[in-house]
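The values are calculated or read from the model by the stated rules, or taken from the named source; none is laboratory data. Because the structure is a prediction, the values reported are computed rather than measured. Every residue, glycine among them, receives a Cβ derived from its backbone with ideal geometry; neighbour counts consider all protein chains shown.
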Ligand code: FES
């Protein structure tokens with residue numbers, strides 16, 4: 001199978017993982033927490049008081065739509081926070 005151009009030289013993070021809502025998932029070097037979640041097919045990970053789904057919106061740290069809990073710290077912006085091996089990521093809408 002041919003290597004995809006976007007994977008050329010990519011670090012697939014062998015052996016590095018994070019936990020998302022209790023599930024262990026692989027981590028690529030340089031991924032933000034939002035990128036980890038998007039890679040899992042998650043487009044939303046919390047909901048508003050009115051029950052509307054929220055996830056990545058601005059992607060630059062302005063809107064705060066993407067906040068979640070990382071290593072017990074609440075209100076972390078997933079679009080800005082680089083994921084680190086061993087991080088425990090908790091969403092408000094677990095799957
Ligand atoms: S997506 Fe807007 S602050 Fe993260």
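Checking 25, 36, 18 one by one, the residue that is more than 11 Å from the ligand (Cβ to nearest atom), touching a strand residue (DSSP E or B) at 6+ places or on another chain (Cβ under 7 Å) and in a helix (DSSP H, G or I) is 36 and no other.
Residues in the range 26-42 that are farther than 17 Å from residue 58 by Cα and buried (at least 18 other Cβ atoms within 10 Å of the Cβ): 27 only.
Restricting attention to the range 48-74, the residues that are modelled with pLDDT of 95 or more and touching a strand residue (DSSP E or B) at 6+ places or on another chain (Cβ under 7 Å) add up to 11. Scanning the range 39-77 for residues being more than 6 Å from the ligand (Cβ to nearest atom), within 18 Å of residue 94 (Cβ to Cβ) and either part of a loop (DSSP other than H, G, I, E, B) or in contact (Cβ under 8 Å) with a residue 60 or more places away in the chain (or both) gives a total of 12. Checking each residue in the range 46-95 for being closer than 18 Å to residue 17 by Cβ and surrounded by 15 or more Cβ atoms within 10 Å (Cβ to Cβ) picks out 68, 69, 70, 78, 81, 83, 87, 89, 90, 91.
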